[in-house]
Each structure stands twice: as structure tokens, then as C-alpha cells.
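Student: Okay, here's the structure, questions in a sec.
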Amino acid sequence: MGEFVNAFLLVYASLYPIVNPIGGAPIFFGLTNACTARERSTLAFQVARNGFLLLLASLLIGSYVLQFFGLTLPVVRIAGGLVVASLGWQLLHAKDASDPARAADVGHGGPERPDAFYPLTMPLTVGPGSISVAIALGSQRPTIVPFSHLALLGASAVAGLLAVAATIYVCYRYAEQIIGMLGERGTNVVLRMSAFILLCIGIQIIWNGYQALLATVS
């Protein structure tokens with residue numbers, strides 16, 4: 001039981017700060033601002049489900065996929081950082097919720113509902129940082145151990161990923177209530193700040209990947 005709890009906490013504590021669903025909630029709300037409450041709830045569930053499956057795949061087979069294509073984690077971080085930075089830049093220059101043009105779009109049924117996978121799941125929620133951590137956790141799992149012990153570690157890892165997915169769903173499901181307390185002006189401020197932070201995170205991921213790539217070359 002102790003090993004189960006330790007492995008569960010390792011997975012959850014390693015991924016939660018990087019996934020950061022609380023920090024992503026304002027951006028999620030900004031991208032789904034034209035959706036109804038039912039549609040936003042559905043998207044929140046789909047993002048949580050997609051995030052769980054993506055992290056699970058990274059944990060189980062991520063290292064083998066990279067090895068098959070001859071890729072390294074630093075390269076994945078650089079490419080993923082570019083995607084995150086691009087999304088942050090687009091959100092930073094997006095129209096305000098109070099913009100007349102956007103208000104007109106909302107009045108006529110709003111823009112097309114954003115896709116649950118891109119950009120809501122990847123890279124907004126499960127980005128290159130969390131994928132890299134999941135791959136690293138999966139590559140460190142023991143290979144020569146009793147089957148019962150391996151099954152216990154696998155169950156604890158899945159439980160940790162389920163806990164991360166549940167946290168994503170709760171934060172995104174109630175993003176409107178969280179942002180609603182700020183008002184329209186406060187919401188726009190939070191969205192701009194979140195977009196700028198997302199841009200900085202993307203640049204930081206690129207820099208970390210570049211440094212790791214230089215370390216492997218030298």
C-alpha cells in the first residue's frame with residue numbers, strides 16, 4: 001500500500017505543477033467564451049479525457065516512439081515550446097471580450113466552437129513539458145520485477161493520471177464561475193496576463209530544450 005501511495009504521489013506531484021489547470025482555466029474560458037455552459041462543460045470533460053490518454057500514452061510508450069523516430073527529449077521540448085509560444089502570442093493579440101466585432105460575432109451565434117484536442121488539450125493543457133515528464137517517468141520504470149509489483153506500479157500511475165485529469169475537469173468546468181468574480185475588465189486583464197505567461201513558458205521550454213541539446217552534443 002505504501003508503494004502504491006508513493007508512486008501515485010510521484011506521478012501526480014510531478015505532473016500537476018506543469019499541467020497547471022488553475023493557470024490554464026482563464027485561457028480555456030477565453031477560448032470558449034462564445035460557448036454555452038453545456039458546451040463548455042462538454043469541452044472540459046473532453047479535454048480532461050484527452051489529457052489523460054495523451055499522458056498515459058506518453059508514460060507507457062513515449063520513450064519507444066522517440067527511439068523509433070530517432071528523436072530526443074530536447075528536440076521535442078524545442079518543437080513543443082515553439083507551439084506553446086505561438087499559441088501565447090495569438091492569445092495575447094486576440095480581441096477583447098468587449099470588442100465590438102467580437103460582440104457582433106457572439107450575437108450571431110459566435111465563432112466556431114474550438115476543437116477539444118487542439119489547442120485546448122495540446123498545447124494549452126498537456127504541453128511539451130508535461131509530455132516530457134511523463135516520458136521520463138515511464139522510462140524509469142523497473143523492468144525485471146515480479147508481475148504483481150509491476151501491476152501495482154502501473155495501477156498507481158494510472159490513478160495519478162486520473163487525479164490530474166479530474167483536477168483539469170474541475171478547474172475548466174467552473175472556469176466561468178472563477179472568472180465571473182473578476183468582472184469583464186478583470187477577465188480581460190487576467191486573460192492578457194495568462195497569455196503573456198504562456199508565451200514566456202513557451203520561450204522557457206525552448207531555452208531549456210536548447211540547453212539540454214547543447215549538453216548532449218558537448
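Values in this text are rule-based calculations from the coordinates and carry no lab data. Remember, predicted model here, so these are calculated numbers, not experimental data. Backbone-built Cβ (ideal geometry, glycine too); neighbour counts: all protein chains shown.
Student: Sort Leu53, Leu43 so that the residue with the fewest other Cβ atoms within 10 Å of its own Cβ comes first and the one with the most comes last. Can you show the working numbers first?
Tutor: On the way: Leu53 14, Leu43 22.
So the ranking, lowest neighbour count to highest, is Leu53, Leu43.
Student: So for the pair Ala159, Arg49, with labels modelled 7 Å out along Cα→Cβ, what separation do we get in nm?
Tutor: According to this spin-label approximation, the distance is 2.4 nm.
Student: Additional query: Between Leu152 and Thr72, what is the spin-label point distance in nm, taking each point 7 Å from the Cα along the Cα→C-beta axis?
Tutor: 3.7
Student: Sticking with this one: Fewest to most neighbouring Cβ within 10 Å: what's the order for Tyr210, Tyr169? Please report the intermediate quantities before stating the final value.
Tutor: Details: Tyr210 14, Tyr169 20.
Listed from fewest to most nearby Cβ atoms, that is Tyr210, Tyr169.
Student: With the crude spin-label approximation of a point 7 Å out along Cα→Cβ, what separation in nm comes out for His93 versus Tyr210?
Tutor: 2.1
Student: So if I place +1 on the C-beta of Lys and Arg and -1 on the C-beta of Asp and Glu, and nothing else carries charge, what would the dipole magnitude of the stretch 2-217 be about its Cα centre? I want it in debye, nearest 20. Numbers along the way, then the final one.
Tutor: Values: 11 positive and 9 negative charges, 24 e Å.
Result for the stretch 2-217 is approximately 120 debye, rounded to the nearest 20.
Student: Taking R0 as 30 Å, what FRET efficiency do you get between Phe4 and Ala57 from their Cβ-Cβ distance, rounded to the nearest 0.05? Could the numbers behind the result be given before it?
Tutor: Working: r = 22 Å, r/R0 = 0.73.
Rounded to the nearest 0.05, the efficiency is 0.85.
Student: Right, something else. Using only the Cα atoms of the chain, each taken as one equal point scatterer with no solvent, compute I(q) by the Debye sum, divide by I(0), and report log10 of the ratio at q = 0.11, 0.12, 0.13 Å⁻¹.
Tutor: Scattering profile of the chain, log10 relative to I(0): -0.58, -0.68, -0.78.
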